[in-house]
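Below: the structure, in structure tokens.
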2 protein chains.
Amino acid sequence: MRVNDIKKYRKKDIYSYSFGPFPTFELLHTKPEITESVLVHSDATEEIRDKLKQECGKTGVKIIYSDRTVEKVRDKDNCIIVGVFKKYSSILEHNENHVVLVNPSDAGNLGTIIRSCVGFGITNLAVIEPAVDIFHPKVIRASMGAIFKMKIACFPYFHMYDQKYGEERENYPFMLKGEYPLGSFKHPENRAFSLIFGNEARGLDAAFRGLGKSVVIPHTQSIDSLNLSLATGIGIYEFCVKRQWEAEEEVIHR
Amino acid sequence: MRVNDIKKYRKKDIYSYSFGPFPTFELLHTKPEITESVLVHSDATEEIRDKLKQECGKTGVKIIYSDRTVEKVRDKDNCIIVGVFKKYSSILEHNENHVVLVNPSDAGNLGTIIRSCVGFGITNLAVIEPAVDIFHPKVIRASMGAIFKMKIACFPYFHMYDQKYGEERENYPFMLKGEYPLGSFKHPENRAFSLIFGNEARGLDAAFRGLGKSVVIPHTQSIDSLNLSLATGIGIYEFCVKRQWEAEEEVIHR
């Protein structure tokens with residue numbers, strides 16, 4: 001890829017960008033094999049340049065010093081380094097826990113959810129289309145680069161995901177009218193689970209009630225609903241983090 | 001207040017705005033006494049106009065039809081109604097649970113946190129300055145109008161809050177290096193609690209460890225930290241919602 005070919009991001013491109021030092025160093029650490037180059041602006045501090053030289057030296061990633069190119073691709077004036085990487089596809093693990101997002105539409109939400117997943121130990125994400133572009137630079141930024149630690153696969157319909165991965169797995173659709181309040185039941189430890197969340201505005205279609213054990217996060221009547229990334233974060237926390245404490249308590253009780 | 005006096009929002013103004021139908025109807029329902037008027041753009045649907053006439057008729061709030069004024073104050077082109085309200089101050093309740101935000105800097109985060117608080121039954125919020133303007137229209141929007149159901153008080157230093165409300169109350173500072181993992185202990189039911197969270201970038205100063213029972217939300221090493229609004233949401237969920245289930249379980253077990 002030549003410098004002149006580097007353009008403002010479009011969904012159809014085979015490359016995308018990490019904006020800013022934090023996500024770019026995450027990219028270099030986690031996925032050097034797909035990193036094409038790092039663009040550096042003359043506003044970058046000496047410290048960042050040195051760290052970058054060191055990191056890129058290890059992996060053979062090219063550094064391009066070009067104010068013009070950084071200014072062409074970045075979306076905010078304070079962005080002084082940009083990682084250029086090749087989009088990739090992943091295959092989810094059958095025996096691991098998944099999060100499934102049905103029609104997520106907001107790039108910031110998707111990135112935040114990815115960060116929470118990785119933070120609580122879930123590294124498999126299924127996205128049911130239509131959905132926001134998973135490689136949009138806004139997703140990369142909101143994930144703080146956690147996206148590079150995540151396996152993400154897109155499916156045109158939920159049933160295509162379910163056919164491939166549903167066997168030997170418990171589905172938990174999160175719904176405003178879910179049957180089981182979160183925290184009031186335990187997931188059997190010998191099976192993997194999929195936590196399923198709907199679109200920001202519409203939630204999950206009523207049909208999802210029949211596709212697993214539907215879960216509601218109890219909240220007061222004073223609000224209409226919880227924010228999607230918060231609901232997802234709380235769901236993952238309850239399933240992943242709380243279970244560990246409960247398991248340890250059981251050990252203590254014996 | 002005359003129509004010509006209505007200007008783009010500035011922090012020093014005594015009025016602020018709710019942008020869009022949802023927050024504006026929340027304003028009218030919850031705080032009609034501070035609502036000065038509602039501005040309506042000619043792009044507003046018949047349905048919204050009718051609902052508005054009904055609501056304002058009940059409370060005597062003035063409706064102003066003026067494209068020019070809406071266009072002058074709004075921050076997004078698709079905003080077609082604007083509530084104008086007088087900023088107000090509140091006094092927190094001594095015997096209720098509080099959330100304390102130390103130096104929150106992002107309007108969107110603050111609004112989202114307010115929405116989570118109200119959703120999980122916490123209606124007292126202390127904000128330690130310097131902090132984002134609590135009445136910025138972006139806060140109102142991100143809260144989806146939940147801010148009008150919340151008592152919010154600002155303090156120049158944490159110790160001024162603590163002096164006024166700290167007695168007979170348990171402080172839980174949330175810190176990356178907190179001593180007690182969230183979910184591993186129980187808060188004594190006969191005391192009120194304050195859940196304390198730091199700034200988005202810096203978290204809480206180490207000195208907060210001495211000011212209460214410091215709490216950490218366990219997460220993997222794969223991320224640097226959790227997003228502030230997520231950490232706050234999970235903290236409130238664990239303290240407010242989970243405790244209810246556990247209390248009910250105890251009842252069942254007897």
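Taken together, the values in this text are just the output of simple stated rules run on the coordinates, not laboratory data. No experiment lies behind these values; they were computed from the predicted model shown. Glycine gets a Cβ as well: all are built from the backbone with ideal geometry, and neighbour counts include every protein chain shown.
Observations
- Taking all Cα-Cα distances within region A:13-86, those exceeding 19 Å account for 22%.
- Summing Cβ point charges (Lys, Arg +1; Asp, Glu -1) relative to the Cα centre of chain A gives a dipole of roughly 740 debye.
- Label-point distances for residue A:2 to the equivalent site in the other copies, using a point 7 angstrom along Cα→C-beta, read 6.5 nm when ranked shortest first.
- Couplings 3J(HN,Hα) of region A:212-227, computed from phi: x, 8, 6, 10, 10, 8, x, 9, 5, 6, 6, 10, 6, 6, 8, 4 Hz, in residue order, whole Hz [Karplus 6.51 cos²θ - 1.76 cosθ + 1.60, θ = phi - 60°; x for Gly and Pro].
- Charge dipole of the protein assembly as shown about the Cα centre (unit charges at C-beta), most positive-ward option of B:125, A:163, A:17: A:17
- Selection from A:183, A:137, A:222, by position along the positive dipole direction of region A:98-253 (Cβ): A:137
- Antiparallel DSSP beta bridges within region B:3-86, as percent of all bridges there, nearest 5: 70
- Here the protein assembly as shown is assigned +1 on the Cβ of each Lys and Arg and -1 on the Cβ of each Asp and Glu. Its dipole about the Cα centre then comes out at about 1300 debye.
- Exposure proxy for B:147, B:48, A:113, B:91: other Cβ atoms within 10 Å of each Cβ, ordered fewest to most, give B:91, B:48, B:147, A:113.
- Kirkwood hydrodynamic radius of region A:74-222, from inverse mean 1/r over distinct Cα pairs, in Å: 16.3
- Helix axis angle, A:21-30 relative to chain A longest principal axis, alpha carbon, degrees: 80
- Residue of A:96, A:47, A:167 that the Gaussian network model of chain A assigns the largest fluctuation, springs spanning Cα pairs under 10 Å: A:47
- Amide H contacts of residue B:62 (H built 1.01 Å from N, in plane; Pro and chain starts excluded): B:38 sit under 5 Å, all sequence-distant by 5 or more or on other chains.
- Share, in percent, of DSSP beta bridges within the protein assembly as shown that are antiparallel, nearest 5: 30
- Cα→Cβ-extended label distance, 7 Å offset, between residue A:76 and residue B:13, nm: 2.5
- When the alpha carbon gyration tensor of the protein assembly as shown is reduced to an equivalent ellipsoid, the three semi-axes, largest first, read 36, 31, 25 Å.
- Descending by average beta-carbon neighbour count within 10 Å, the peptides A:156-165, A:36-45, A:3-12 line up as A:36-45, A:156-165, A:3-12, the highest first.
- Ascending distances from the residue B:180 label point to its copies in the other chains, with the point 7 Å along the Cα-to-beta-carbon line: 2.9 nm.
- Chain B: projected area of the alpha-carbon convex hull, averaged over directions, in nm²: 16.4
- Pseudo-label separations to other copies for residue B:94 - Cα-to-Cβ vector, 7 Å, nm: 6.4
- Nitroxide proxy distance, nm - points 7 Å out along Cα→Cβ at residue A:64 and residue B:33: 6.2
- Residue pairs, from the table B:86/B:164; A:87/A:186; A:7/A:149; A:7/A:53, whose Cα atoms sit over 30 Å apart: A:87/A:186
- Net charge over other residues, Cβ less than 13 angstrom from the Cβ of residue A:228 (K, R count +1; D, E count -1): -1
- Residue A:199 sits among other residues whose Cβ lies under 15 Å from its own Cβ, and their net charge, with Lys and Arg +1 and Asp and Glu -1, is -4.
- Packing-based exposure ordering (other Cβ within 10 Å, fewest first) of B:232, B:123, A:59, A:220: A:59, A:220, B:123, B:232
- The distance linking region B:59-119 with region A:81-151 is 31 Å (Cα centroid to Cα centroid, whole angstrom).
- Sites residue A:105 and residue A:46 - FRET efficiency at Förster radius 41 Å, r taken between beta-carbons, to 0.05: 0.50
- For A:214-226, mean number of other protein chain Cβ atoms within 10 Å: 6
- Rounded tilt (10° steps) of A:243-253 against the dominant C-alpha axis of chain A: 60
- Compared with the dominant Cα axis of chain B, that is its longest principal axis, helix B:107-119 is turned about 70°.
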